[in-house]
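Undergrad: Quick one: the structure is below, questions incoming.
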Amino acid sequence: MSTHPFDAAVALNATGENCWQGRTSPDYANFIGPYGGIIAAQALNAVMLHPQRLGEPIAFTVNFAAAIADGTFEARARPARTNRSTQHWIVELLQDGQAVTTATVMTAIRRDTWNGDEAAMPAAPPAPEVTPPQHPARVAWVKRYDMRFIDGGVPYPWDGQDQGHSRTALWVRDNPPRALDFPSLTAMADIFFPRVWLRRGKPSVVGTVTMTVYFHADGAQLQAAGTGYLLGQAQGQGFRNGYFDHAGHLWSESGVLLATTHQLVYFKE
């Protein structure tokens, strides 16, 4: 059986204590460097592979300090503090001895408590009833996802018209389908194209500066989601002085809130 492109992309080879070597993947190439979601997944995977890891990811923040050049990189992950049921991690991805990505991760042993969600999954037609985009993908990583936009798709053609909002809703899953896990959920948290493109109806130079993912689902709930689609929704909140942010949500087909995400993006006229 051939290796799924995602598994090949996030693969890390141990090179010493707290150290691994990874490589960028042409399957997840973006306009400049790799797709941010795959970088985030690689950083998280360094923690997932660590023999000292306690529990499952609860919160993850990744900072894109510099563009990653095509080729190899070093991943370093170390537990900064381990408590009875929680653990805090520091992660770096380095090239030529300099950090290109930094991240912090909190893992924890989950316990049964009262549960409740206030974020409501929006009404949406079933994924098979939603037509995938018909225009060709301009970058490789887009081909690695089956995306079906319900609202707020990528403007095509660009008309330069202010849309009045930057809300997007879509069904998404790996292409080809792959069972969901924490690294792949992390990558999908970055699936939303820049909100400023939708708001203004025209392209501009952009770059994600930092992204945080909060994992509401445990491993069993990710396993239950299987290879099904996730419903994603995102909307920008503030655009000014060259930066904007957006908040996003990801639900399983059965309506389980799997993760919420927040990111800050640089943009240039």
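Undergrad: Provide, as a two-decimal number, the C-alpha radius of gyration of segment 52-92 over 2.2 N^0.38 Å, N being how many residues it has. If you can, show how the numbers build up before the last one.
TA: Details: Rg = 12.9 Å, N = 41, 2.2 N^0.38 = 9.0 Å.
Output field value: 1.43.
Undergrad: Please compute the volume of the convex hull spanned by the alpha-carbon atoms of segment 133-269 and report it per residue in Å³. Write out the running numbers ahead of the final one.
TA: On the way: hull volume 14.3 nm³, N = 137.
Normalising the Cα hull of segment 133-269 by residue number yields 104 Å³.
Undergrad: Here's another thing I want to ask about it. Based on alpha-carbon atoms only, what is the radius of gyration of segment 1-116 relative to the globular estimate 2.2 N^0.38 Å?
TA: Taking the Cα Rg and dividing by 2.2 N^0.38 Å, one obtains 1.11.
Undergrad: Go through Phe149, Val100, Ser252 and say which Cα lies farthest out towards the positive end of the charge dipole of the chain; charges sit on Cβ, +1 for Lys and Arg, -1 for Asp and Glu.
TA: Final value for the positive-end residue is Val100.
Undergrad: For the chain, which span is the longest to avoid every loop-located (per DSSP) member of trypsin sites (Lys or Arg not before Pro) having at most 12 other Cβ atoms inside 10 Å?
TA: Numbers: sites that count: Arg84, Arg111, Arg138.
That gives 139-269 as the longest site-free run.
Undergrad: Next up: Please list the equivalent ellipsoid semi-axes of segment 71-203, computed as the square roots of five times the alpha-carbon gyration tensor eigenvalues, in descending order and whole angstrom.
TA: On the way: eigenvalues 218, 104, 50 Å².
After scaling each eigenvalue by five and taking roots: 33, 23, 16 Å.
Undergrad: Taking the alpha carbon gyration tensor of segment 220-263, what are the square roots of 5 times its eigenvalues, largest first, to the nearest whole Å? Walk me through the numbers before you get to the answer.
TA: Details: eigenvalues 159, 13, 10 Å².
Those come to 28, 8, 7 Å.
Undergrad: Another question, if that's okay. Of all the C-alpha pairs in segment 113-181, what % are more than 15 Å from each other? Write out the running numbers ahead of the final one.
TA: Numbers: 1544 of 2346 pairs.
Looking at segment 113-181, the distances longer than 15 Å represent 66 percent of pairs.
Undergrad: Let me ask something else about it. Charges only on Cβ, +1 for Lys and Arg, -1 for Asp and Glu: so what's the dipole of segment 88-230 about the Cα centre, in debye to the nearest 20? Kindly include the intermediate steps, with their values, before the conclusion.
TA: Values: 13 positive and 14 negative charges, 75 e Å.
Dipole of segment 88-230, to the nearest 20 debye: 360 debye.
Undergrad: In whole Å, how far is the Cα centre of segment 218-269 from that of segment 149-193?
TA: Centre-to-centre (Cα) distance: 9 Å.
Undergrad: So what's the back-of-envelope 222 nm ellipticity for the chain, counting only DSSP H runs of four-plus at -39500 (n - 2.57) apiece and dividing by all residues, rounded to 500?
TA: On the way: 5 runs with 39 residues, N = 269.
After summing the helix terms and dividing by the residues of the chain, the value is -4000 deg cm²/dmol.
Undergrad: A further question follows. Of all chymotrypsin sites (Phe, Trp or Tyr not before Pro) in segment 75-144, which ones are in loop regions per DSSP and have a Cβ with at most 14 other Cβ atoms within 10 Å? Don't jump to the answer; show the numbers that get you there.
TA: Working: sites: Trp89, Trp114, Trp141; in loops: Trp114.
Passing sites in segment 75-144 are Trp114.
Undergrad: Here's something else I'd like to know. What per residue convex hull volume, in Å³, comes out for the chain when only alpha-carbon positions are used? Walk me through the numbers before you get to the answer.
TA: Details: hull volume 38.3 nm³, N = 269.
Hull volume over Cα atoms, normalised by residue count, gives 142 Å³.
Undergrad: List the relative contact order of segment 1-138 as a percent without decimals, with contacts defined as Cα pairs under 8 Å and 6+ residues apart.
TA: 21
Undergrad: Helix 36-48: angle to the longest alpha-carbon principal axis of the chain, degrees 0 to 90, nearest 10?
TA: 20
Undergrad: Between Ser254 and Asp218, what is the label-to-label distance in nm when each label sits 7 Å out along the Cα-to-Cβ direction?
TA: 1.4
We did not get these values from a lab; they are worked out from the coordinates using the rules stated. Keep in mind that this is a model prediction, so the values were computed, not measured. All Cβ positions, even for glycine, are placed from backbone atoms using ideal geometry, and neighbour counts span all protein chains on display.
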